[in-house]
Each structure stands twice: as structure tokens, then as C-alpha cells.
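Notes follow once the structure below has been shown.
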Amino acid sequence: MRIAVLGIVLAVWGCSKEPASEQPPPVREAPAGVQAAPGDTTSLGGLPVVPGLSVAKVFAQKLGKPTSLGETTAVHMKLPPPANRGLSSSLVRVVGEPSAPTVLFRSDTLARLGVIPSSPGPEFFTLLARLPDPEVERRAERERRLASGEFGMPTRETVLFNGRHPAARYEGLPMDANAFAQGALVPQTSCPQIPASTEAWWERTQMIRDPAVVLDPARTWDPCTGAGTKGGVWTFAHLMREMAQGSGASPEAFVLEWLSLWLNDFQSNGDTVPARRKMYDEVIAPWAAASGATSSLEFNASTNRWEVVLRQPLDLDIAPFRLLSIVNRIDLGGSSEYGGRSSNPGELRFIFGLTRPSPWGGGTEATCNLKPFTTIFEYGVPGEGCRAITGWARQWVGLGRYPSFNAAYRSRLQQMTESVVLHGRVPGKGNRSALNQLRTNEVALGFPWELREFHLADEHPGKDTPSNGLLRVHTMALTPNDATHDFRTDPDVDFFVRTHVKNGVEQPVTVPTHCTARFSVPDAVNGRPFLGANAQVAPPTHWEAVSALSTNATEVCARKEFSVNTCNGCHFKDTGTNDFSGTDNLAFTHVSPTSGIPARQSKFLTGGGNGFMYVVPDAQFGTALTSWPFADLLRRHQRLQELAHCSTCGWFIDLDAGYLNRMEALAGSVPLDVAPGSPRPTFTVGPIRDVGVVKQLLELRPGFRIRPRELPLDFLEPPAARVH
């Protein structure tokens with residue numbers, strides 16, 4: 001029921017450096033479809049409908065003849081305005097890391113030089129690629145199969161997400177193979193039809209929580225009841241055994257050393273994290289007792305540290321961690337930095353909840369002492385390139401076509417998970433494990449709620465070095481040190497948001513339906529350590545920019561984008577997990593460890609149900625200004641279907657980093673648009689406005705060619721989600 005206006009919509013087409021002198025931006029009422037009471041849900045059907053062509057950011061156009069490098073296609077990309085406003089007039093844009101640059105040329109300029117047949121407009125920049133005819137035909141065939149209903153009841157309507165926010169509805173456009181063959185500009189949008197989003201699709205392909213899977217007697221072991229198979233392929237024990245290989249420690253010692261990291265204070269990036277020695281009382285000692293081992297926690301005067309003494313190892317098979325969900329995060333796939341040439345299939349995650357350890361089980365939901373403590377294994381799915389991404393997506397879509405979580409479904413899912421978690425899957429990472437990071441989120445060890453992060457890598461400022469060994473503490477992704485930075489009044493947070501993040505906000509901004517930002521969070525801000533080694537929740541409940549103006553849409557957006565990507569904001573006020581109404585029992589988590597099986601999900605994920613979106617008041621300015629809509633499982637569903645069916649693959653040629661040196665020698669500067677917060681490049685940054693220089697740079701490309709790489713045509717589109 002619509003009982004309150006969601007908020008106001010602020011539109012601003014520029015980014016002022018002098019906020020104090022700004023005039024308030026024009027105010028318009030919010031679109032009808034995003035009206036709701038704060039913390040309420042509202043129908044996605046009320047979102048405005050926009051033409052499919054209006055959302056197209058990539059066009060493919062066949063060249064009259066191949067280039068000297070064998071490229072057959074111009075790929076035109078609508079780039080957002082550069083964070084460095086001085087590059088706005090540049091005829092060349094360079095994005096990504098200087099060591100692996102992506103160099104694009106303004107489409108209008110290439111048309112003027114006769115390199116391409118025509119330009120889609122002044123906001124577009126062009127890369128040249130090889131797009132084989134069979135790839136175009138393959139996409140057309142997939143579109144026909146989608147329309148036939150082979151993959152499920154199709155729908156023509158796609159919800160447009162700007163970042164993570166539902167903004168409008170539109171119909172995707174087909175890949176017109178005939179028009180492409182004749183040299184026309186062919187838009188690359190989402191599929192013209194995809195299987196309709198349903199909770200059944202979510203359950204089978206996004207967040208698998210069904211008892212048939214998480215309590216599968218052949219693959220899981222339930223510490224509550226003792227049912228299942230000890231060491232099964234979806235157990236905590238199996239994942240840890242695979243991860244520990246190559247560490248130099250037994251799996252039992254590997255796990256004990258990890259748990260022991262809570263027993264003593266530790267420091268990272270200047271952040272001292274106090275010990276939580278209840279880890280011994282709540283986890284280690286009961287687990288040791290259930291393993292038939294005597295244990296003690298003793299202070300070692302020679303090392304000045306608390307240590308666990310065990311008479312025999314923990315029994316890993318009875319680990320007190322109960323599987324809650326297997327999660328597909330293919331939406332995190334692609335480059336970690338805008339413009340990078342890396343392209344990967346995202347992450348596979350396992351979420352476990354802590355419960356009472358027992359060698360025999362015998363408990364029930366009511367008696368097994370479910371604890372507010374989740375452990376999440378987050379693996380990078382092995383593979384790189386377009387085929388790896390689309391192939392992984394099709395495996396998930398194949399799972400979605402099973403009529404139930406039957407034996408065939410579970411067998412196929414096992415093949416997929418084992419292809420990721422087994423030892424040796426990624427030789428270049430620590431212990432040859434695909435693990436990206438392991439995270440915990442708990443209050444079982446004391447207040448306040450705390451999140452920690454662990455890697456198989458040695459952390460250095462701005463860079464990690466994968467290495468074999470034990471799990472090591474790591475600073476929290478994109479999250480400030482909450483011990484030294486106040487979440488409401490900190491000047492470093494305010495400065496960072498109102499400079500770096502603000503400069504990375506994509507223009508034009510429309511609050512709440514168009515707000516995205518590109519930025520990285522450095523170890524230090526203004527010469528002081530910034531990233532934290534842990535994250536606490538309530539407080540902080542979110543992060544504020546104390547000087548941000550409510551009348552400045554870019555600053556409102558920058559504050560939200562920074563905060564919602566921190567652990568604190570994502571697990572509390574920015575996503576509405578602070579709503580304790582009803583029986584959701586989800587405080588500070590998106591998958592509840594204490595609600596039983598199947599574990600309950602946050603409304604941030606579900607939108608409140610299929611066809612709805614969840615409306616969360618702005619954490620700093622409140623609902624009087626605006627609220628933010630979410631329906632994340634729908635967003636992930638659409639992205640999965642797009643990757644599986646309508647992601648076109650092309651071959652792009654990598655250029656050696658020396659190309660930028662030559663560019664600087666010719667033009668006097670390099671138009672590299674680095675993400676705000678990133679280290680400064682070693683060369684002069686500036687625009688290129690000379691058409692003659694553009695012509696020379698085009699001619700120089702063959703001399704700096706490295707190799708072709710197969711990537712999705714939209715590989716420069718940054719992922720909507722960052723880490724959470």
C-alpha cells in the first residue's frame with residue numbers, strides 16, 4: 001500500500017567543486033512506481049517504461065574491410081564522463097591499469113577519419129575487435145530458443161537496474177544478424193526475452209537453501225541431528241581439507257590456527273583489533289570436548305600470547321558449522337577495476353551457521369543452540385575470458401531447468417562446486433586454492449557485532465601477494481577503521497566521500513533511480529591509515545559525510561555509494577537489515593543463521609517477494625529526502641540469463657604498456673582516467689585533442705600488439721555489485 005512518497009528526485013548534470021555556492025538542483029516528484037513507506041515494499045510494475053534503445057550502451061558495427069590487425073568490427077561504448085573532468089574533451093580515453101591499458105578513440109573522430117562507417121553519438125568511444133560471424137549467429141539462435149520457451153516461460157520485460165537500484169522497465173533488443181552484416185549499428189542490450197523471474201529460479205540458481213540440498217544426507221552433515229555424511233562434499237570439513245593442502249599444516253591444525261586468531265589482539269594497517277577470547281568458550285572448547293579431547297586456554301609468557309592446548313586434534317568431521325546456503329555470485333564477474341582486461345566468472349560461496357558441536361547429534365531445531373555467527377567461504381570461480389563466463393552461466397541456467405532438487409540436480413551441482421573448491425584449481429593462488437576470501441559475521445563472541453576477513457595471501461599496501469600457508473587476517477574490503485574514524489563525524493570519511501567518491505559518481509545523477517560511483521578505497525587517506533582490520537556493526541550503523549549537502553544529488557549519491565559498499569552499511573542501515581519488525585530474525589545478516597532451515601533471507605535480496613522491491617530510507621538524510629529501492633535477486637537473475645544467452649563474445653587485441661609511453665611522447669600527456677582513490681600514474685595525465693595525433697596512434701597499434709583476448713562486448717561495463 002502506497003502510504004508515503006519514497007523521496008524526492010534530485011537531478012544534477014554536473015559535479016561542482018564548490019558545493020557551498022551551488023544552487024539547489026531542480027526537484028521533481030519520484031516516479032510513481034517507487035512510492036512506499038520507508039522499510040516497505042512496492043511493486044516493480046509501477047516503474048516507468050522506457051524504450052530499449054535508450055538503455056543501449058554498446059553498439060556493434062561491421063567494418064567494410066578488416067584492419068591490418070584482422071579486426072572486423074567496431075565496438076562502440078557509451079563511457080561515463082571521466083572522473084578527471086579535464087579529460088572530458090579528449091578524443092582518446094585510456095582506462096584500466098597502466099600495465100594493461102584499454103585505449104579507446106572517440107567514435108565521432110574515427111568516423112571523420114574514415115576508420116568506421118558511422119558513429120552512434122558524441123558520448124561513444126570505440127574499440128576495434130574481431131567478431132566472428134558464427135558468434136552473431138549463435139546469439140540469434142539462443143534468442144530464438146528463449147522465445148520458444150525452451151528455458152522457461154519467457155517475458156519481454158526487463159527491469160533496468162542502475163547500480164543495484166530498480167529504475168525502469170524496458171524490452172531488450174534482438175541481435176539483428178542481417179543488419180549487422182550490412183554494416184548497421186546494432187545495439188547490444190539484454191535479451192529481448194528471458195525466462196521470467198520466479199522464486200523457483202532464485203532458489204535453484206542464485207541462493208540454494210532448500211533442505212534437499214543443505215541437509216542432503218550424502219553430501220552434508222548436520223551438527224544438530226547428526227544426520228548426513230561426515231566429510232561430505234558440501235561440509236565445512238571438506239572445504240577446509242581442500243584449502244589446507246599445501247599449507248604445511250594438517251587440516252585440523254589449519255582450522256585451529258584460524259580459530260586461534262580471535263584469542264589475541266592483532267594489528268593491521270594501524271588498526272588494533274581486540275581479542276575475542278569467547279572463541280575458546282563458545283567454539284573451540286565445546287568442539288574439543290565433542291571430539292573426545294581435553295583442552296585448555298593458557299597464557300604463554302614467552303610469547304606473551306594466549307594459546308590453546310589440545311591433547312588430541314579436533315574432529316573436523318563434527319565441525320559445528322551447518323550449511324545454510326550455496327550461493328552463485330556470477331554478478332561479481334568481470335574486472336575488479338573499470339577498464340581492466342581480466343574477465344572472470346565471479347564467485348561461488350558457501351554460507352555456514354555456527355551451532356552446538358556434537359559427536360552424535362540427536363538434537364532438533366529447538367535444541368541445537370543455533371548461534372548468531374556466519375562463516376562464508378568465497379571462491380573465485382576458475383577461468384578467464386568470455387567462454388569461461390558464459391559457460392559457467394549456462395551451467396547455472398541448466399540447474400534452473402530441473403523440476404526439483406532431485407538426485408540429478410544435486411549430482412550436477414556437486415560437479416560444479418567440486419570444479420571450484422578442490423585443491424589445485426588455481427595454481428597461482430595461495431595453497432593452489434580458488435579461495436578469494438573467508439569472512440565471518442557474528443555476535444556470538446560478544447558485543448558489538450563484528451565482521452572479519454581472512455585471505456591466503458600476504459597483504460601489502462595496495463596489493464596482495466598470494467602465498468601458501470595458513471589463513472591470515474586482512475583489512476576489510478572498502479571499509480574504514482571504525483575504531484579511529486567516527487561513522488557520523490569523521491573528517492577523513494567526509495573528505496574522501498566529497499572528493500574521490502564524488503568525482504567517481506556517474507553523471508547525470510537521479511536520486512534514487514540513477515546513482516552509481518566508481519572508486520577504490522586506499523589504505524590511507526590524508527596520510528592517516530583508513531582501511532580497518534575488522535568491522536563492527538551498531539555502531540557503526542552506516543557511514544556519513546558530515547558536510548555533504550542534501551541539496552546536492554552527487555553528494556547524496558556519493559555518500560550512499562561509499563556507505564552501502566562498506567561491511568557496516570551493507571549489513572545494517574543502508575540495506576535495511578536494521579528492521580527488527582516481524583519475525584525475520586535477520587539483524588545484521590542477509591542469510592539468517594538462527595532462523596532454521598531454510599534460512600531466511602533479507603528483503604534487500606528478495607525485494608519483499610518476486611515482483612517487488614524493498615525501499616530503504618537514506619541512512620544519513622532519511623526518508624524525508626529519499627529512499628533507495630532494492631531487489632537484488634532479480635538483478636542477479638537477469639544478469640545470469642543475459643550472460644548465459646545474450647552475451648556476445650569478441651576478440652580484442654591487448655596493447656603493451658609501452659604504447660602509453662609512446663602516446664605521451666607524441667601528445668605530451670596520456671588521457672588515463674583512474675578510479676578516484678587509486679595511486680597516481682607516473683606519466684603526465686591530460687587530454688588529447690589533436691586529430692592528427694589520433695591518426696598516428698591508430699597507425700602505431702600494430703607495433704605494440706601483444707595478444708588477442710576473447711571478452712564480452714560489454715566488458716567495460718563495471719559490475720553493479722562490488723564485494724557484498
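The values are calculated or read from the model by the stated rules, or taken from the named source; none is laboratory data. Note that the coordinates shown come from a computational prediction; the quantities given were computed from them, not determined experimentally. Cβ coordinates were reconstructed from backbone atoms using ideal geometry, including for glycine residues, and neighbour counts include every protein chain displayed. Each accessible area value is taken on the protein alone, full model and side chains, heavy atoms only, with ligands, DNA and RNA left out. Shrake-Rupley method; radii C 1.70, N 1.55, O 1.52, S 1.80 Å.
Looking across region 314-331 at every residue that is in a strand (DSSP E or B) and among the aliphatic types (A, V, I, L, M), the one that is farthest from Thr225 (Cα to Cα) is identified as Val327. In a loop (DSSP other than H, G, I, E, B) and open to solvent by 20 Å² or more (accessible area, probe 1.4 Å) - does that describe any residue in region 495-504? Within region 495-504, none of the residues are in a loop (DSSP other than H, G, I, E, B) and open to solvent by 20 Å² or more (accessible area, probe 1.4 Å).
Evaluated against (1) of a type in the set (Ser, Thr, Tyr); (2) touching a Ser or Thr at 6+ places or on another chain (Cβ under 9 Å); (3) surrounded by fewer than 24 Cβ atoms within 10 Å (Cβ to Cβ); (4) farther than 30 Å from Arg142 by Cα, Thr623 falls short on exactly one condition, (2). When each of Ser260, Ser247, Ser197 is tested for being open to solvent by less than 40 Å² (accessible area, probe 1.4 Å) and assigned to a helix (DSSP H, G or I), the lone residue that passes is Ser260. Filtered by the rule that a residue be out of contact with any Pro (no Cβ under 8 Å at 6 or more places or on another chain), open to solvent by less than 40 Å² (accessible area, probe 1.4 Å) and in a loop (DSSP other than H, G, I, E, B), region 595-604 gives Ser595, Gly596, Ser602. Only one of the numbered conditions (1) under 31 Å from the mean Cα position of the chain (by Cα); (2) open to solvent by 10 Å² or more (accessible area, probe 1.4 Å); (3) among the aromatic types (Phe, Trp, Tyr) is violated by Trp628, and that is (2).
With respect to (1) touching an Asp or Glu at 6+ places or on another chain (Cβ under 7 Å); (2) open to solvent by 10 Å² or more (accessible area, probe 1.4 Å); (3) closer than 25 Å to Val327 by Cβ, the lone exception for Cys191 is condition (2). Scanning region 66-86 for residues that are surrounded by 21 or more Cβ atoms within 10 Å (Cβ to Cβ), of a type outside the set (Asp, Glu) and modelled with pLDDT of 95 or more gives Thr73, Ala74, Val75, His76, Met77.
Residues of region 440-454 that are open to solvent by 20 Å² or more (accessible area, probe 1.4 Å) and outside any loop (DSSP other than H, G, I, E, B): Trp449 alone. Only one entry in Trp287, Trp306 is within 23 Å of Leu451 (Cα to Cα) and assigned to a helix (DSSP H, G or I), namely Trp287. Taken across region 703-712, residues that are charged (D, E, K, R), under 29 Å from the mean Cα position of the chain (by Cα) and either open to solvent by less than 20 Å² (accessible area, probe 1.4 Å) or more than 20 Å from Asp654 (Cα to Cα) (or both) do not occur at all. Only one of the numbered conditions (1) touching a Lys or Arg at 6+ places or on another chain (Cβ under 8 Å); (2) assigned to a loop (DSSP other than H, G, I, E, B); (3) touching a residue at least 40 places away in the same chain (Cβ under 8 Å) is not met by Gly232, and that is (3).
Quick grid of which residues meet (1) modelled with pLDDT of 95 or more; (2) assigned to a loop (DSSP other than H, G, I, E, B); (3) not aliphatic (A, V, I, L, M):
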site	(1), (2), (3)
Ala665	yes, no, no
Arg680	no, yes, yes
Val694	yes, no, no
Leu698	yes, no, no
Gly703	yes, no, yes
Ile706	no, no, no
Arg709	no, no, yes
Asp714	no, yes, yes
Pro718	no, yes, yes
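The residue that is nearest to Val505 (Cα to Cα), among those in region 551-564 that are among the hydroxyl-bearing types (Ser, Thr, Tyr) and crowded, with 24+ Cβ neighbours inside 10 Å, is Thr554. Can we say Gly607 is of a type in the set (Gly, Ala, Ser), surrounded by fewer than 21 Cβ atoms within 10 Å (Cβ to Cβ), more than 25 Å from Arg452 (Cβ to Cβ) and in contact with a strand residue (DSSP E or B) (Cβ under 9 Å, 6 or more places away or on another chain)? No. What's the number of the only condition in (1) open to solvent by less than 40 Å² (accessible area, probe 1.4 Å); (2) among the β-branched types (Val, Ile, Thr); (3) modelled with pLDDT of 95 or more that Thr510 fails to meet? If we test Thr510 against (1) open to solvent by less than 40 Å² (accessible area, probe 1.4 Å); (2) among the β-branched types (Val, Ile, Thr); (3) modelled with pLDDT of 95 or more, just (3) comes out false. Filtering Thr155, Thr198 for residues that are modelled with pLDDT of 95 or more and either more than 30 Å from Pro598 (Cβ to Cβ) or in contact with a Pro (Cβ under 8 Å, 6 or more places away or on another chain) (or both) leaves a single hit, Thr155.
The single residue among Phe161, Phe180 that is open to solvent by less than 20 Å² (accessible area, probe 1.4 Å) and either touching a Leu at 6+ places or on another chain (Cβ under 7 Å) or outside any loop (DSSP other than H, G, I, E, B) (or both) turns out to be Phe180. The residue that is nearest to Asp265 (Cα to Cα), among those in region 565-580 that are touching a residue at least 60 places away in the same chain (Cβ under 8 Å) and open to solvent by 20 Å² or more (accessible area, probe 1.4 Å), is His571.
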